[in-house]
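S.K.: Input: one structure, supplied below.
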Amino acid sequence: MKVLRTLALLLAALSFFTCKTAQKQVGDDGYIEIQFLQMNDVYEISPAPSDNTGGLARVATIRKELLAKNPNTYTVLAGDFISPSVIGTLRHEGKRIRGKQMVEVLNALGLDWVVFGNHEFDYDDVADLQARIDESAFLWVGSNVFQVENGKMKHFEKRKAGSMEECGDTHIFEVRDADGTSVRLGLFGVTINTGIKPYVAYTDYFEASNNSFAALKNLHAEQGKGADVVVALTHLNVEDDKKLSAVLPGIPLIMGGHEHDNQIHKMDKATIAKADANAKTVYVHTLRYDKKNKSATVKSELRRVDASIADDPATAAVVAKWEKIKNESLQSSGFQPAAIVTVLPEPLDCRETIVRHTQCRAGELITAAMMAASKTNPECALLNSGSIRVDDVLAPTLTEVDIVRMLPFGGGITEVEMRGSLLRRTLEASLENKGKGGYLQLRNIRQGETGRWLVSETPLDDTRIYRVVLPDFLLTGGEYRMEFLKASPDADGKAGVNPDILSFHKPLPGDKNDARTDIRWAVIRYLRGF
């Protein structure tokens, strides 16, 4: 009996210590991991036809897999998604679609946060952007972006069922893991100031970032409600992201957009990351926060989005709906999406890293088509590279939908008589715009070894009048650093605004037989040889 009693006491003691150890193991361990699934600059909802990469239904699958492993997963998009896209330019139910398809697909995907990108402000009417904000199920952030209304600045707002949600400076989220560790996660977002419209205003993004970070860290600090750790969503040039990180080294993770090629930069203890455009890749970031030492570490994995990832059925159904609408709308506009236009000897590189930095094959083909469609035998052609939006390498077999993808904005082309001095100024601005949409693709113009501009191999003469064909958009003055090109014809076809443009030659409105009415038809007809 004594032996049994002793054994019982030992078992009880062992049980006590085991329970105590187990309780300690399942309690707050002071560490928490938060995951971020990052996209940026997404204009396409489906995989790219050229290499079958991308596709938002695949990204939705990745999101579900991450959430299953860690419920503290946020899916984010670092700006540029409302525009531009082929679908966005089309009409449905009597209205231009203008990003409605993107919002609906991203809602189905389960997107959590977005920051405004410059292309969110492509449309002249604020009502289009407001409709997209109101339709969204995700959170918008904009620390330096404001709506101008009746001469006053205010944050953009999401309006639903009589309520308003401000697309404000800062947000704090209470995050808790399975063992009870909790952390206050802060978020802010800033945007490059190139999306110029009368209804939008910007403050300095460095100053806004400083103010937002300070507010997040100090918010009700006396009550212990400030953020423990802060992350940023940005839509800036990468050099500005680096400057921002240097100014605010306390931010461990900056998830950025604007550049379209994946990149990651380590800045002391911080990470700056951008994925490839159109969700060809995504970044998965794991932020591990140590509450005791008040420190954060970030591990980042770049994941390729390809056919090895199955579509999420619910998201795929929404994508299929909009693809059907796209094909029907293109057909009603006279395009046959699957019809072959031509077969090139090699793929056509339309990536922004090419078309915005060099004179390229895509620019040669489009400017040649502009010249061929012209009626006044122009001496040269200008094309803003920002009109080439596909950011992809097109297969040699080009279809009509490839041309529409390449030039989704379409738009007419105009022949003008232009003073040589204005042509020179335009060409100089093009050089300053290298890397941006205002970099020009040129026809019959080149810069000689001495730096002199040559038009048809003859030195450009400031006093001469040149016949030039160019997109209508350039004559709005809306291209970056090219506001001096703004011009419009009077009733006699002469320039009513710009004294350096003497005359206009435009197609008759609605004349479908004149390829100048839409640059896409000019390209299609040129490549088909008629």
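S.K.: Filter segment 113-135 down to residues that are in a loop (DSSP other than H, G, I, E, B) and closer than 21 Å to residue 256 by Cα and give me whichever is nearest to the chain's Cα centre (by Cα). Full working, then the answer.
M.R.: Kept after step one, since they are in a loop (DSSP other than H, G, I, E, B), are these residues of segment 113-135: 116-117, 122-125.
Still in the running and closer than 21 Å to residue 256 by Cα: 116-117, 122.
Working: 116: 9, 117: 6, 122: 11 Å.
The residue in question is 117.
S.K.: Condition check: more than 24 Å from residue 56 (Cα to Cα) and at pLDDT below 95. Does residue 371 satisfy that? Spell out how you get there, then give the answer.
M.R.: Working: more than 24 Å from residue 56 (Cα to Cα): yes; at pLDDT below 95: no.
Taking the combined requirement at face value, the residue does not satisfy it.
S.K.: Determine if segment 158-167 includes at least one residue that is assigned to a strand (DSSP E or B), assigned by TED's automatic domain parsing to the domain that holds residue 105 and at pLDDT 95 or above.
M.R.: yes
S.K.: Evaluate the following for residue 352: is it out of contact with any helix residue (DSSP H, G or I) (no Cβ under 6 Å at 6 or more places or on another chain), more than 15 Å from residue 50 (Cα to Cα), acidic (Asp, Glu) and surrounded by fewer than 19 Cβ atoms within 10 Å (Cβ to Cβ)?
M.R.: no
S.K.: Can you find a residue in segment 92-101 that is assigned to a strand (DSSP E or B), farther than 28 Å from residue 225 by Cα and either small (Gly, Ala, Ser) or touching a residue at least 60 places away in the same chain (Cβ under 8 Å) (or both)?
M.R.: Step one: of segment 92-101, the residues assigned to a strand (DSSP E or B) are 92, 95-96.
In the following step, the residues that additionally are farther than 28 Å from residue 225 by Cα were identified as 92, 95-96.
In the following step, the residues that additionally are either small (Gly, Ala, Ser) or touching a residue at least 60 places away in the same chain (Cβ under 8 Å) (or both) were identified as 92.
Among the residues of segment 92-101, at least one is assigned to a strand (DSSP E or B), farther than 28 Å from residue 225 by Cα and either small (Gly, Ala, Ser) or touching a residue at least 60 places away in the same chain (Cβ under 8 Å) (or both), which makes the answer yes.
S.K.: If you don't mind, there's one more thing I want to ask. Could you please give the count of residues in segment 393-434 that are under 21 Å from the mean Cα position of the chain (by Cα), surrounded by fewer than 19 Cβ atoms within 10 Å (Cβ to Cβ) and aliphatic (A, V, I, L, M)?
M.R.: 1
S.K.: So, of the residues in segment 62-96 that are hydrophobic (A, V, I, L, M, F, W, C) and more than 17 Å from the chain's Cα centre (by Cα), which turns out to be modelled with the lowest pLDDT? Please lay out each step first, then the result.
M.R.: Initial filter on segment 62-96 (hydrophobic (A, V, I, L, M, F, W, C)): 62, 66-68, 76-78, 81-82, 86-87, 90.
With more than 17 Å from the chain's Cα centre (by Cα) added as a condition, the list becomes 62, 66-68, 90.
Working: 62: 98, 66: 98, 67: 98, 68: 98, 90: 93.
Residue satisfying both the conditions and the ranking: 90.
S.K.: Filtering segment 259-271 down to residues that are in contact with a Leu (Cβ under 8 Å, 6 or more places away or on another chain) and surrounded by 19 or more Cβ atoms within 10 Å (Cβ to Cβ), which residue is nearest to residue 59 (Cα to Cα)?
M.R.: Residue satisfying both the conditions and the ranking: 271.
S.K.: Can you run down the residue pairs with Cβ atoms below 7 Å, 6 or more apart or on separate chains, where the first is in segment 469-480 and farther than 19 Å from residue 367 by Cα and the partner is of a type in the set (Gly, Ala, Ser) and surrounded by fewer than 23 Cβ atoms within 10 Å (Cβ to Cβ)?
M.R.: Close Cβ pairs satisfying both conditions: 480/437; 480/438.
S.K.: Go through the residues of segment 345-352 one by one and say whether even a single one is within 29 Å of residue 488 (Cβ to Cβ) and outside the structural domain of residue 41 (by TED's automatic domain parsing).
M.R.: No, segment 345-352 has no match at all.
S.K.: Could you list all residues from segment 399-451 that are part of a loop (DSSP other than H, G, I, E, B) and acidic (Asp, Glu)? Walk me through it before giving the result.
M.R.: Just the residues of segment 399-451 that are part of a loop (DSSP other than H, G, I, E, B), to begin with: 407-412, 433-439, 444, 448-451.
Once the filter is applied, which keeps residues that are part of a loop (DSSP other than H, G, I, E, B) and acidic (Asp, Glu), segment 399-451 yields only 449.
S.K.: Being more than 27 Å from residue 147 (Cα to Cα), assigned to a helix (DSSP H, G or I) and assigned by TED's automatic domain parsing to the domain that holds residue 59 is true for just one of 208, 246. Which residue is that?
M.R.: Testing whether each residue is more than 27 Å from residue 147 (Cα to Cα), assigned to a helix (DSSP H, G or I) and assigned by TED's automatic domain parsing to the domain that holds residue 59 leaves just 246.
S.K.: Evaluate segment 443-459: report whether one residue or more is of a type in the set (A, V, I, L, M), crowded, with 19+ Cβ neighbours inside 10 Å and more than 30 Å from residue 238 (Cβ to Cβ).
M.R.: yes
S.K.: Mind checking whether some residue in segment 373-381 is over 15 Å from residue 516 (Cα atoms) and either touching a residue at least 60 places away in the same chain (Cβ under 8 Å) or surrounded by 21 or more Cβ atoms within 10 Å (Cβ to Cβ) (or both)?
M.R.: yes
S.K.: Just give me the residues in segment 465-500 being modelled with pLDDT of 95 or more, of a type outside the set (Phe, Trp, Tyr) and assigned to a strand (DSSP E or B), in sequence order.
M.R.: Correct list: 465, 467, 468, 469, 470, 471.
The values are calculated or read from the model by the stated rules, or taken from the named source; none is laboratory data. Since this is a predicted model, take the numbers as computed values, not measurements. Cβ: placed from backbone, ideal geometry, glycine included. Neighbour counts: every protein chain shown.
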